[in-house]
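Asker: Below is one structure. I have some questions about it.
The values are calculated or read from the model by the stated rules, or taken from the named source; none is laboratory data. Computed from a predicted model, the values in this text were never measured in an experiment. Virtual Cβ from ideal backbone geometry, glycine too; neighbours counted across all protein chains shown. Ligands, DNA and RNA are stripped out before the accessible areas are found, and what is left, the full protein with its side chains, is counted by its heavy atoms. Shrake-Rupley method; radii C 1.70, N 1.55, O 1.52, S 1.80 Å.
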Amino acid sequence: MSQVFNWQLTVDPASAAPMWSQIADGICRDLVRFRPEVGTVVVSERQLAADLKLHRNTVRQAYAELRAKNILMNRNCRSIAVGPGVKELFKTPFPTITLIFNQPFSEQLKSFSRQGLEVFGGIMERASKLGISVNIAALPAPDANAEIIENWLDEIQQHSIGVINFCPRYVDKTDMIFDRLADLRGLPQVLVSAKLNDDTISSASEDYVSGFDEALEYLKNLGHRKIAVFEQHWDSGRFLSTATFRGKIMYERALLHGFEAKRIFYCKPETAELELQLDQMFSSGFAPTAIWCQNDHCGMIIYGLLKKRNINVPEDISLLGFDNDTGGFLSSVDYSRPALGAELVELLWYLHNCSSAGTVIHRNVPSKFYLNKTIAEVKK
């Protein structure tokens, strides 16, 4: 007996789309993606209903819809197969989403960090799973004339079901072209790890709270009660990276967990500035038993500065950061970038299928605490 072709389907009970319609759409995506030959036997209604934990009548309605279009056919009294109508389905183009970068992709690749590549990989993998094509576009040049900008916007609107917008060209000043794109209504858009301060575009971001709470509870159980929060100062405009709020959230969570906490601000993660901030902290009389840093890069600079002062980590002071990017050395908090990429696609797909124009949804990917070599029990 030939092998039965099984669908790789998921359904969303919270979706406004009927379950049978979700199943039919998912089957069509699988047919386009895997392209089984006409006559290939597919999983039965009964088995698919059991796999999806749905009533058989729901699956039966989806199969009946596809049989009516000759996409599926009765092979005999016992089995269902791929029908000749699937060839027309193969001619249907994939739905397309557009990724917006602030520079040509060849240049963007050079500037991508490991984390950025992981987000990009998560987007591509999930889009493939859903049968979605991905178009990559760069913002027009800053000095582009109005006609070029409008043609660029028209192209995106006509050929995309939605946009994943990575970031403006500038964080510290206005990017008129980014703002023009952000002001479009009716085109679903999702920002990556950022929000607009006028809250008009959806976003998928990291949830700091879950990882910070894990880290603080672990520190508390080791006797820590004082923590310094080294927080980068960001110029804020319309576009607000979620990293802008990272230190504020850590500080607030520390207070909720019963810590005495102090925020230490710096502009750039440079040795001279961080050394100055450390000097000012210690001279103020605040003696933390733990330091949290805006990111692991800052954490490693502070590690070296503490060592220079003959302050041992973790014996004298515990140290942690954010990014989990030091090969298992620095204790840190981090989140899954591939999961964030997948969430961006899922959110955009939902906005396209199940929402009205102007709907704004914010979703989060939970973070996690990673215990490495830089945390220890407080000295008695």
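Asker: Can you name the condition, by its number, that residue 173 falls short on among (1) open to solvent by 50 Å² or more (accessible area, probe 1.4 Å); (2) modelled with pLDDT under 90; (3) under 23 Å from the mean Cα position of the chain (by Cα)?
Answerer: Single failed check for residue 173: (3).
Asker: Which of the residues belonging to segment 192-231 are under 30 Å from residue 357 (Cβ atoms), assigned to a strand (DSSP E or B) and open to solvent by less than 70 Å² (accessible area, probe 1.4 Å)?
Answerer: 192, 194, 196, 202, 203, 204, 205, 206, 207
Asker: Given the options 100, 148, 164, 123, name the one that is aliphatic (A, V, I, L, M), farther than 30 Å from residue 23 by Cβ and surrounded by 18 or more Cβ atoms within 10 Å (Cβ to Cβ).
Answerer: 100
Asker: For the structure I just gave you, tell me whether residue 304 is out of contact with any helix residue (DSSP H, G or I) (no Cβ under 9 Å at 6 or more places or on another chain) and either open to solvent by less than 40 Å² (accessible area, probe 1.4 Å) or under 13 Å from residue 374 (Cα atoms) (or both).
Answerer: no
Asker: Would you confirm, using the coordinates I've provided, whether residue 314 is open to solvent by 10 Å² or more (accessible area, probe 1.4 Å) and touching a strand residue (DSSP E or B) at 6+ places or on another chain (Cβ under 9 Å)?
Answerer: Criteria met by residue 314.
Asker: Let me ask another. Name every residue in segment 1-26 that is open to solvent by 80 Å² or more (accessible area, probe 1.4 Å), of a type outside the set (A, V, I, L, M) and within 13 Å of residue 354 (Cα to Cα), in order of residue number.
Answerer: Across segment 1-26, the qualifying residue is only 13.
Asker: For residue 265, indicate whether it is modelled with pLDDT of 95 or more, in contact with a helix residue (DSSP H, G or I) (Cβ under 6 Å, 6 or more places away or on another chain) and within 17 Å of residue 290 (Cα to Cα).
Answerer: no
Asker: Hey, among the residues in segment 64-84 that are without any contact (Cβ under 8 Å) to a residue 24 or more places away in the chain and in contact with a strand residue (DSSP E or B) (Cβ under 8 Å, 6 or more places away or on another chain), which one's nearest to residue 187 (Cα to Cα)?
Answerer: Across segment 64-84, the extreme among qualifying residues is 67.
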